[in-house]
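The values are calculated or read from the model by the stated rules, or taken from the named source; none is laboratory data. This one's a predicted model, so the numbers in the text were calculated from it and none came from an experiment. All Cβ positions, even for glycine, are placed from backbone atoms using ideal geometry, and neighbour counts span all protein chains on display.
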Number of protein chains: 2
Amino acid sequence: MSAAAGVDVGGTKCLGVVIDDAGEVVATTRRLTPRGGGALIDVLAEIVDELGAGQSLGSIGIGLPGLITRGGVLRASPNVPEVFELDVAGLLGDRLGRVVAVSNDATAAAYAEWQVGAGQGVEDIVMVTLGTGIGGGVVAGGRLIVGENGFAGEFGHMVVDPVGPPCPCGRRGCWERFASGSGLAQLARTAAVGGRLGRVVEVAGGDPALVRGEHVQSAAREGDAEALAVVDEFARWVALGLVNLTNALDPARFVLGGGLAEGADLYFGPIERWFDQLLYAPELRPHPGLAFAALGERAGAIGAAMLSRSA
Amino acid sequence: MSAAAGVDVGGTKCLGVVIDDAGEVVATTRRLTPRGGGALIDVLAEIVDELGAGQSLGSIGIGLPGLITRGGVLRASPNVPEVFELDVAGLLGDRLGRVVAVSNDATAAAYAEWQVGAGQGVEDIVMVTLGTGIGGGVVAGGRLIVGENGFAGEFGHMVVDPVGPPCPCGRRGCWERFASGSGLAQLARTAAVGGRLGRVVEVAGGDPALVRGEHVQSAAREGDAEALAVVDEFARWVALGLVNLTNALDPARFVLGGGLAEGADLYFGPIERWFDQLLYAPELRPHPGLAFAALGERAGAIGAAMLSRSA
């Protein structure tokens, strides 16, 4: 092997890394994510050029949010504005004059966590990224699962409450309405507008409509009982989705990533407790382990680089 | 290869088959499922002896309902009374003096449908058996997925309505409360007790409490509007779970088996229509195919035999 470059395209920034044979990051760079497909290809080419200056890159991988086909086309992504049906593999490959491997960002992150992060040592993991929405990836039987079209791991739109709140996707009660960062904020605002969460509203500056997840976390860390109750409600929704994935896939371990990882100390206990209560036949089976992601914001870029090696 | 024997243990009967190299069934036998673990091992040994009389069996596989460990232990099954923690692989292997491969019955059925049934020709299928409860199996990336403990594919206990009706498993709103044979009966009885479903109640003999799924099917086939409405509600719940599995696994095809297959002509259209409405980004992705199982009640036994070849 040789050095491999990986770039993770986020809603705000593009993060590029170079990894060595062991998967260690030896260089990083970042740019703002531009608007529009042409500009995105330009920025990706710049990042790869910068990462490749002074060293030979054995392979190049790109991780993108949204529905990414096996052929490397970004069909659409709520987080990459003004980009539809963008043939990233083709356009960037032509620009660079070499093969580019393109993956879903959360799938790439799952692969990286499995190889060199919190998912090491087992053959079956499910990574769930709890950010603004929910994404994820599946490793089963010692192999990354991508699905027929490359769309496996879109856990956020599993319906967990058919009469639940509307989702921007057009359906109701998707898991990410409850168990994501925006879900936590919504649970908290509902409680705050209903007159609860006095301390949380205070932390948020006094307006119940401005309550966000981090305000709940701050108040919960102070021991505020109402904030802790919201954390518990949030943890129940997270656990419910994890239970559903356990029934389907029986992973050895869940790796939780995304913004939630910052509140790990608050959520870990409640998620595990609810998991026990919601799992089918909990007394007859070893429970999956619960780990928080180890690679942080670089997981997607590292995974994209790693996947480019086997593309 | 040579002939392989497979036995599928059901709640009522045990069905044994011998398959040839091509997966064709060349012999079958059946016995009533006895009560208790010792008696079950006796019956399984009898079936294998009968299937092996006059021919050499290259390998032997058993499919069992419930939580079956990778080591071949039946931990518990709602459908096999008075049997817990039964080491089927060890006890039957000792009795027969040879290796016995033990699998979950729905996982085995999924493998058989993929190899020689309705799932042929693609690399990613999800089989869902809609019987009294719901079971299933997953083939992803061209391999059967069994999970860390062997428990993958227990789709029936995915929670799809956290405040839904209680499930015998101890939780609420499990998918099989709605989308199984007993789910259909429950949807129908609720409607009948509420004064609807006049024709269905008539077909059932006049007592709303005795309405079962087949009465709904009969009346729906006559064109009864109220019965068709229950079929539509049932199809919505089936589709909801299939959508959740699509988000997680992105299969090329669903294979639906179990008792539902008998009503295929009634359900097919409504399930497809609801699937379109419930799937995330339906316009941006090819939809999974929807097929009804081709191997009927023999799928589990055929799959158990096939899996014994690679054990």
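Suppose the filter is part of a strand (DSSP E or B), over 21 Å from residue B:86 (Cα atoms) and either touching a Cys at 6+ places or on another chain (Cβ under 8 Å) or assigned by TED's automatic domain parsing to the domain that holds residue B:102 (or both); does residue B:18 pass it? Outline the logic, then answer.
Details: part of a strand (DSSP E or B): yes; over 21 Å from residue B:86 (Cα atoms): yes; either touching a Cys at 6+ places or on another chain (Cβ under 8 Å) or assigned by TED's automatic domain parsing to the domain that holds residue B:102 (or both): yes.
Here the answer is yes, as residue B:18 does meet what is asked.
Can you name the residue in the range B:153-207 that is of a type in the set (A, V, I, L, M, F, W, C) and in a loop (DSSP other than H, G, I, E, B) and, of all such residues, is surrounded by the most Cβ atoms within 10 Å (Cβ to Cβ)? Talk me through it step by step, then tell me what you get.
Here is the first cut: in the range B:153-207, the residues of a type in the set (A, V, I, L, M, F, W, C) are B:155, B:158-160, B:163, B:167, B:169, B:174-175, B:178-179, B:184-185, B:187-188, B:191-193, B:197, B:200-201, B:203-204.
Still in the list and also in a loop (DSSP other than H, G, I, E, B): B:158, B:160, B:163, B:167, B:169, B:175, B:197, B:204.
Numbers: B:158: 28, B:160: 24, B:163: 8, B:167: 18, B:169: 18, B:175: 30, B:197: 26, B:204: 22.
Looking at the filtered set, the residue picked out is B:175.
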- Considering only residues that are at pLDDT below 95 and touching a helix residue (DSSP H, G or I) at 6+ places or on another chain (Cβ under 7 Å), look in the range B:1-32 and name the one that is farthest from residue B:309 (Cα to Cα). B:23
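Can you tell me which residue within the range A:41-58, out of those that are in contact with a Ser or Thr (Cβ under 7 Å, 6 or more places away or on another chain) and surrounded by 18 or more Cβ atoms within 10 Å (Cβ to Cβ), is nearest to residue A:10 (Cα to Cα)?
Filtering the range A:41-58 for residues in contact with a Ser or Thr (Cβ under 7 Å, 6 or more places away or on another chain) gives A:47, A:50-51, A:56, A:58.
Those left that are additionally surrounded by 18 or more Cβ atoms within 10 Å (Cβ to Cβ): A:47, A:51.
Numbers: A:47: 14, A:51: 18 Å.
Top of the filtered list is A:47.
If a residue has to be more than 7 Å from chain A (Cβ to nearest Cβ) and not charged (D, E, K, R) to count, how many in the range B:154-172 make the cut?
Here is the first cut: in the range B:154-172, the ones more than 7 Å from chain A (Cβ to nearest Cβ) are B:156, B:163-168, B:170, B:172.
Now narrow it down to the ones that are not charged (D, E, K, R): B:156, B:163-168, B:170.
Summing the residues that are more than 7 Å from chain A (Cβ to nearest Cβ) and not charged (D, E, K, R) in the range B:154-172 gives 8.
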- Item | Some residue of the range A:238-255 being over 30 Å from residue B:74 (Cβ atoms) and among the hydrophobic types (A, V, I, L, M, F, W, C) | yes
- Is it the case that some residue within the range A:110-125 is crowded, with 24+ Cβ neighbours inside 10 Å, within 16 Å of residue B:250 (Cα to Cα), at pLDDT 95 or above and within 11 Å of chain B (Cβ to nearest Cβ)? no
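How many residues does the range B:246-280 contain that are closer than 26 Å to residue B:220 by Cα and in a loop (DSSP other than H, G, I, E, B)? Break it down into steps so the answer makes sense when it comes.
So the first thing to find is which residues in the range B:246-280 are closer than 26 Å to residue B:220 by Cα, and the list is B:254-278.
Now narrow it down to the ones that are in a loop (DSSP other than H, G, I, E, B): B:258.
Adding up the residues that qualify gives 1.
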- Looking only at the range A:126-153, count how many residues are facing chain B (nearest Cβ under 7 Å) and without any contact (Cβ under 8 Å) to a residue 40 or more places away in the chain. 5
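On the basis of being within 12 Å of chain B (Cβ to nearest Cβ), small (Gly, Ala, Ser), surrounded by 24 or more Cβ atoms within 10 Å (Cβ to Cβ) and over 18 Å from the mean Cα position of the chain (by Cα), does residue A:248 make the cut? Write out each step before concluding.
Values: within 12 Å of chain B (Cβ to nearest Cβ): yes; small (Gly, Ala, Ser): yes; surrounded by 24 or more Cβ atoms within 10 Å (Cβ to Cβ): yes; over 18 Å from the mean Cα position of the chain (by Cα): yes.
Answer is yes for this residue.
Going through A:241, A:223, A:206 one at a time, which residue ends up being assigned by TED's automatic domain parsing to the domain that holds residue A:141, under 16 Å from residue B:171 (Cα atoms) and of a type outside the set (S, T, N, Q)? Full working, then the answer.
Numbers: A:223 fails: under 16 Å from residue B:171 (Cα atoms); A:206 fails: under 16 Å from residue B:171 (Cα atoms).
That would be A:241, the only listed residue that is assigned by TED's automatic domain parsing to the domain that holds residue A:141, under 16 Å from residue B:171 (Cα atoms) and of a type outside the set (S, T, N, Q).
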- Task: Any chance you could count how many residues in the range B:60-77 are under 19 Å from the mean Cα position of the chain (by Cα), hydrophobic (A, V, I, L, M, F, W, C) and surrounded by 24 or more Cβ atoms within 10 Å (Cβ to Cβ)?
- Result: 4
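Residues of the range A:268-282 being more than 14 Å from chain B (Cβ to nearest Cβ) and touching a strand residue (DSSP E or B) at 6+ places or on another chain (Cβ under 8 Å), which ones? Quick ask: steps written out before the conclusion?
Applying the first criterion (more than 14 Å from chain B (Cβ to nearest Cβ)) to the range A:268-282 yields A:268-273.
Across the range A:268-282, the qualifying residues are A:268, A:271, A:272.
So in the range B:78-99, with the set limited to residues that are part of a strand (DSSP E or B) and surrounded by fewer than 21 Cβ atoms within 10 Å (Cβ to Cβ), which one is modelled with the lowest pLDDT?
B:84
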- Yes or no: residue B:243 among the β-branched types (Val, Ile, Thr), more than 14 Å from chain A (Cβ to nearest Cβ) and part of a helix (DSSP H, G or I)? no
- Message: On the basis of being crowded, with 18+ Cβ neighbours inside 10 Å, within 14 Å of chain B (Cβ to nearest Cβ) and either of a type in the set (Lys, Arg) or not in a helix (DSSP H, G or I) (or both), does residue A:102 make the cut?
- Response: no
- Task: Take residue A:252 and decide whether it is touching a strand residue (DSSP E or B) at 6+ places or on another chain (Cβ under 7 Å), of a type in the set (A, V, I, L, M) and in contact (Cβ under 8 Å) with a residue 60 or more places away in the chain.
- Result: yes
